Amino acid sequence: MPALISGVVEDSIAQELEIEEGDILLSIDGEKLQDMIDYKFLTKSELITIEIQKKNGEIEEIELEKDFDEDLGIIFESAVFDRVKPCLNNCIFCFVAQQPKGLRDTLYIKDDDYRLSYLQGTYITTTNLTEKDKERIARLHLGPFYISVHTTNPELRVKMLRNPNAGKIMENLNWFKDNDIPFHAQIVLCPGYNDGEELQRTLEDLSTLDSALLSVAIVPVGVTQFREQELRTVDREVALKTIETASKFKKVCCSDEFFLLAGKEIPDSRYYGNFSQLDDGVGSLRTLMDDFDTLELPEELGQKLKICIACSVAAESAFDYISGKLNRIKNLECIVNPVKSTYWGKNITVAGLITSEDLINAIKDVEADYVVVPSIMLKPFTNLFLDGNSIDYVIEKTKKNILITHDNYSVSEVVDLITEYVQ
């Protein structure tokens, strides 16, 4: 795919040069680009020449002078301009394989691209990492990366990923260490496979990687009702044992869901260090509660207000904490309504997989002035749910006033709404 431009930043160099959506960036200083990594490195100079193909097919060559490291302000359709490196695994826990037909096309894409890991924080398995890839990583000293390890037992990893190259994981991780390339590690815990003694072994092996290893996140396997082969989910006993095992090692954190499954309180912020794998649910509930505690709340509203927070089942305990404090405000009533996933099944409890119909079923009979919905339920930069329906569709079906918090579970926007009712 070409370096297709999907937009430009306002008041940027690109806007001044009248670069627009639909144009294509052909080269910088005569170099063709394969991804955003090339773009970032080639635009660092103060004097560059760019070649643009306009929407009408005309080609323009533009010389420009700028400050060192100043971005051009070009927004691209994709972070990679050639073919995305596909996933060559067939993991026993692959979520893509547990989806029905009829969802957005992008949900069926299985990528395993080191460039997206570096640029966007997606996870890679290293099973398709070539010597050419390694040479480029080392030459540009890229990092950090996010690596799905799961287990360091070669035979078990081959079995779990169903790929003969999967057994080389420690060889690849030691290559990162030897080349001073930092990375974060992820373990999707599958009871009966990589828990217990196998988890202990994996964490012991990872601890030998010294400063190259930045963090380890352990997350429970997600199993949908569409899965054909049986796979155990994490129960209370497994959750308790996993938390205990993880506590013996530095840099290792269990995701919030383990503590919920174990019936334990979410740890304080010291447990999570610098929250380096927040997007994987490691510390997201703690961050939510801590952020809320920094906000200044009014003592009384000038008129009565009732709000309903539609959250995921996994986030219910955090919002119970928040609603408990909000309900101390006179004339305010805050209720928490966790949205159960009837679409995926009861084992799926995260907000990012909520469908429009699940949300409708959860809030249609709720009596409230506003229903608060986190933007994580929607496709990024759109108003669409996983099933393709829009937030307008939900409003039409429920007749509710819906507030979308644009920073995922941002409670500050909820408080902003409340303060509008202060006289």
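Observations
- Matching entry among LEU140, LEU161 (being surrounded by fewer than 21 Cβ atoms within 10 Å (Cβ to Cβ) and out of contact with any strand residue (DSSP E or B) (no Cβ under 7 Å at 6 or more places or on another chain)): LEU140
Let's see how each residue does on (1) buried (at least 17 other Cβ atoms within 10 Å of the Cβ); (2) touching a Leu at 6+ places or on another chain (Cβ under 8 Å); (3) within 18 Å of SER375 (Cβ to Cβ):
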position: LYS250; (1), (2), (3): no, no, no
position: GLY263; (1), (2), (3): no, no, no
position: GLY273; (1), (2), (3): no, no, no
position: GLY283; (1), (2), (3): yes, no, no
position: THR294; (1), (2), (3): no, no, no
position: LEU301; (1), (2), (3): yes, yes, no
position: CYS308; (1), (2), (3): yes, no, yes
position: GLU316; (1), (2), (3): yes, no, no
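- Selection within region 140-158: residues that are without any contact (Cβ under 8 Å) to a residue 40 or more places away in the chain and assigned to a helix (DSSP H, G or I). The member of this set that is nearest to TRP175 (Cα to Cα) is PRO154.
- Some residue of region 323-339 being of a type in the set (S, T, N, Q) and assigned to a loop (DSSP other than H, G, I, E, B): yes
- Some residue of region 222-238 being at pLDDT below 95, surrounded by fewer than 20 Cβ atoms within 10 Å (Cβ to Cβ) and either closer than 19 Å to SER207 by Cβ or touching a Cys at 6+ places or on another chain (Cβ under 6 Å) (or both): no
- Among residues of region 116-134 that are closer than 15 Å to ASN179 by Cβ, those with a Cβ under 7 angstrom from a residue that is assigned to a loop (DSSP other than H, G, I, E, B), sequence gap 6+ or separate chain, pair up as TYR118/LEU142; TYR118/GLY143.
- Residues in region 178-196 that are assigned to a loop (DSSP other than H, G, I, E, B) and either in contact with a Pro (Cβ under 7 Å, 6 or more places away or on another chain) or farther than 18 Å from SER255 by Cα (or both): ASN179, ASP180, ILE181, PRO182, GLY192, TYR193.
- Of residues in region 271-313 being part of a helix (DSSP H, G or I) and of a type in the set (S, T, N, Q), the one farthest from VAL411 (Cα to Cα): SER284
The values are calculated or read from the model by the stated rules, or taken from the named source; none is laboratory data. The structure displayed is predicted, hence computed values, not measured ones. With ideal geometry, Cβ positions are generated from the backbone for all residues, glycine too; neighbour counts draw on all protein chains shown.
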